[in-house]
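The values are calculated or read from the model by the stated rules, or taken from the named source; none is laboratory data. All figures in this text were calculated on a predicted structure; none of them were measured in a lab. Cβ coordinates were reconstructed from backbone atoms using ideal geometry, including for glycine residues, and neighbour counts include every protein chain displayed.
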C-alpha cells in the first residue's frame, strides 16, 4: 500500500513509516474514515492507521508516538457501542485486528493463549472441539475480538452463572506507552503474587496499555443444556418471575428478559409468528449433566407456569437452544429496523431493583414521549435500557431532548445503587456521567494510575480519564 505526497501532510507520518514499516501504515482517506468510528454515532479520523501484525509493531508504534507526543487509539474489531475506539484527537489508530492467532489450546493446563485480534466465536468453536469452554458470550461474539472484550470487561447472557471476562483472564502481555513489555499473571489458575495488575488492565478501555497476548482460563464444557421461554402479559410480571426463579434456588446459565416494545419490533422484523403474544418474554437456560438437565427443565417449567406465564415452551437439545439464542441476538437488529436511533444504555441495578427499573422506564417513556426498549441480562441486573429516538443524528432538538432524558435515567440509576455501564464501557458515550458515577477519591485514583503509566497522555486521549 503506497503512501502519496498528499498523504504525508502530517509531519510525523514519515517517521512513523520508518519506525513501523511502509507496509503497515495506511493514510488513505477511505481507510482513515473506516477506522475512525465504531457503532456509536461519533466519528473522528486519525492521521494514520497502523495495522500491527505482531508485538514488535505495537512496541515500535508506541515508542515512536510517546517520543513525539502523538495520540494513539487502539482498535480491535470496532464493534463497540460507546465510541471507545474513536480517535477523537486524531493521531494514530493502532489496529490489532491482524494479530488474530490462537497460539495454544492446552486442556491439560486448562488454558488458551491468544492474540488480541482473535474473534471470540472462533475461539469458542476451537476450544469446544476439544470439549472445553470459554464462557463469556456478548451478543456480538461472532464479530467482537478478544482484545475488545478485555478492554471493556465484556459480559453476556451467561454471566449470571459464569461471570464476566475478568474471571477468565489468567495472564496478560501488555505493551506500555513507552514501549516496555509488561507480563503479568501466567498459566496458574490461582495466583497471589503481587498486586492484581490483570484487573487493572481488564476494563481499562485502552487507556493504560495495549494487550498483545492473553492467557485465558478454560473450563470443561457442560455436557448438556436445555432452555425454556415464557411470555407474560406485562413486564413487571416477568421481572417478578426472575426474582422468584433465583430466590427458589435455581442457578440458570442464562436468564434474559425482554419488554413489549422490543417484542413488537422483533415480530415486525422477523415475522408475527416468531414470538407468542404478550408484552414480556423470558429466556431461561440450564446446563449440566445430560441425565439431570431435562429433569430440572421439567421442574422449572412447572414453576414458571405457576407464575402467571401465558405460554411456556421448551428447547431440549443443542440445536433448539441455539435457535433461541439466535432469536435473542436478533433483538438489537429488530430495534434498528424500526428506523429509530437506538441509544444503547447497558445500565446495571441491584437485582432487587429490577421491577423498580421497569416502572421507572415506563414513567420516563410517558414523561418524554421517547419509547424505551428494555431487554437483557435479568439474572445480574444488567438491563439494556434503550431510548429509541427519531432523527437523533440530524435533529438538534431531538438530540437535546434525548440527552436530557439520559440525564434523568443515569441520575435515577446512580441514586438507586446502580452503575452506568455493565459491559460496554464508558468511552465517549458515558463520559459526561463518569464523575457522578464514582466518588471524588475514586476519580483521583483513576487519574493517578493514568498519569503513572501514561505520563505523556498518548493513549486514547479525550475519553473518561482526563
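With the requirement that a residue be surrounded by 12 or more Cβ atoms within 10 Å (Cβ to Cβ) and in a helix (DSSP H, G or I), what does segment 448-458 give you?
Passing the criteria: 449, 450, 451, 453.
Listed here are the residues, each with its yes/no results for (1) under 21 Å from the mean Cα position of the chain (by Cα); (2) touching a residue at least 12 places away in the same chain (Cβ under 8 Å).
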{"position": "391", "(1), (2)": "no, yes"}
{"position": "400", "(1), (2)": "no, no"}
{"position": "403", "(1), (2)": "no, no"}
{"position": "421", "(1), (2)": "yes, yes"}
{"position": "433", "(1), (2)": "yes, yes"}
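Condition first: more than 22 Å from the chain's Cα centre (by Cα), surrounded by fewer than 16 Cβ atoms within 10 Å (Cβ to Cβ) and not assigned by TED's automatic domain parsing to the domain that holds residue 88. Can you find one or more residues in segment 197-215 that meet it?
So far as segment 197-215 goes, no, none of its residues is more than 22 Å from the chain's Cα centre (by Cα), surrounded by fewer than 16 Cβ atoms within 10 Å (Cβ to Cβ) and not assigned by TED's automatic domain parsing to the domain that holds residue 88.
Scan segment 426-442 and give yes if some residue there is under 30 Å from residue 351 (Cα atoms), touching a strand residue (DSSP E or B) at 6+ places or on another chain (Cβ under 9 Å), part of a loop (DSSP other than H, G, I, E, B) and not assigned by TED's automatic domain parsing to the domain that holds residue 141, otherwise no.
Checked segment 426-442: at least one residue is under 30 Å from residue 351 (Cα atoms), touching a strand residue (DSSP E or B) at 6+ places or on another chain (Cβ under 9 Å), part of a loop (DSSP other than H, G, I, E, B) and not assigned by TED's automatic domain parsing to the domain that holds residue 141.
For residue 365, only one of the following conditions fails: (1) buried (at least 17 other Cβ atoms within 10 Å of the Cβ); (2) farther than 26 Å from residue 437 by Cα; (3) without any contact (Cβ under 8 Å) to a residue 24 or more places away in the chain. What is its number?
(2)
So, in segment 63-81, of the ones that are touching a strand residue (DSSP E or B) at 6+ places or on another chain (Cβ under 6 Å) and outside any loop (DSSP other than H, G, I, E, B), which residue ends up farthest from residue 12 (Cα to Cα)?
Selected residue: 75.
Please count how many residues of segment 69-114 are over 22 Å from residue 426 (Cβ atoms) and out of contact with any helix residue (DSSP H, G or I) (no Cβ under 7 Å at 6 or more places or on another chain).
Going through segment 69-114 one residue at a time, the tally reaches 16.
Could you tell me which residue of segment 161-191 is surrounded by the fewest Cβ atoms within 10 Å (Cβ to Cβ), considering only residues that are over 24 Å from the mean Cα position of the chain (by Cα) and either at pLDDT below 95 or not in a loop (DSSP other than H, G, I, E, B) (or both)?
Checked segment 161-191; the qualifying residue surrounded by the fewest Cβ atoms within 10 Å (Cβ to Cβ) is 183.
For the list (1) over 30 Å from residue 340 (Cα atoms); (2) in a helix (DSSP H, G or I), I need the number of the one condition that residue 31 fails.
(1)
I need a count of the residues in segment 129-151 that are touching a strand residue (DSSP E or B) at 6+ places or on another chain (Cβ under 6 Å), over 14 Å from residue 114 (Cβ atoms) and crowded, with 21+ Cβ neighbours inside 10 Å.
0
Go over the candidates 400, 466 one by one and state the one that is surrounded by fewer than 18 Cβ atoms within 10 Å (Cβ to Cβ), assigned to a loop (DSSP other than H, G, I, E, B) and not assigned by TED's automatic domain parsing to the domain that holds residue 74.
Only one candidate qualifies: 466.
For segment 344-367, how many residues meet the condition of being over 24 Å from residue 138 (Cα atoms) and either in contact with a strand residue (DSSP E or B) (Cβ under 8 Å, 6 or more places away or on another chain) or in the same structural domain as residue 160 (by TED's automatic domain parsing) (or both)?
Qualifying residue count, segment 344-367: 3.
Anything in segment 149-159 that is part of a helix (DSSP H, G or I) and either modelled with pLDDT of 95 or more or closer than 30 Å to residue 69 by Cβ (or both)? List them, or say none.
Result: 149, 150, 151, 152.
Which condition from (1) over 30 Å from residue 285 (Cα atoms); (2) crowded, with 21+ Cβ neighbours inside 10 Å; (3) out of contact with any strand residue (DSSP E or B) (no Cβ under 7 Å at 6 or more places or on another chain) is the one that residue 154 breaks?
(1)
Kindly indicate whether any position in segment 194-202 is touching a helix residue (DSSP H, G or I) at 6+ places or on another chain (Cβ under 9 Å), at pLDDT 95 or above and assigned to a strand (DSSP E or B).
Looking for residues that are touching a helix residue (DSSP H, G or I) at 6+ places or on another chain (Cβ under 9 Å), at pLDDT 95 or above and assigned to a strand (DSSP E or B), one finds none in segment 194-202, hence no.
Could you grab me the full set of residues in segment 358-383 that are in a helix (DSSP H, G or I), more than 28 Å from residue 395 (Cβ to Cβ) and within 24 Å of the chain's Cα centre (by Cα)?
358, 378, 379, 380
Of the conditions (1) exposed (fewer than 14 other Cβ atoms within 10 Å of the Cβ); (2) in contact with a helix residue (DSSP H, G or I) (Cβ under 8 Å, 6 or more places away or on another chain); (3) free of Cβ contacts under 8 Å to residues at least 12 places away in the same chain, residue 267 satisfies every one except a single condition; which number is it?
(1)
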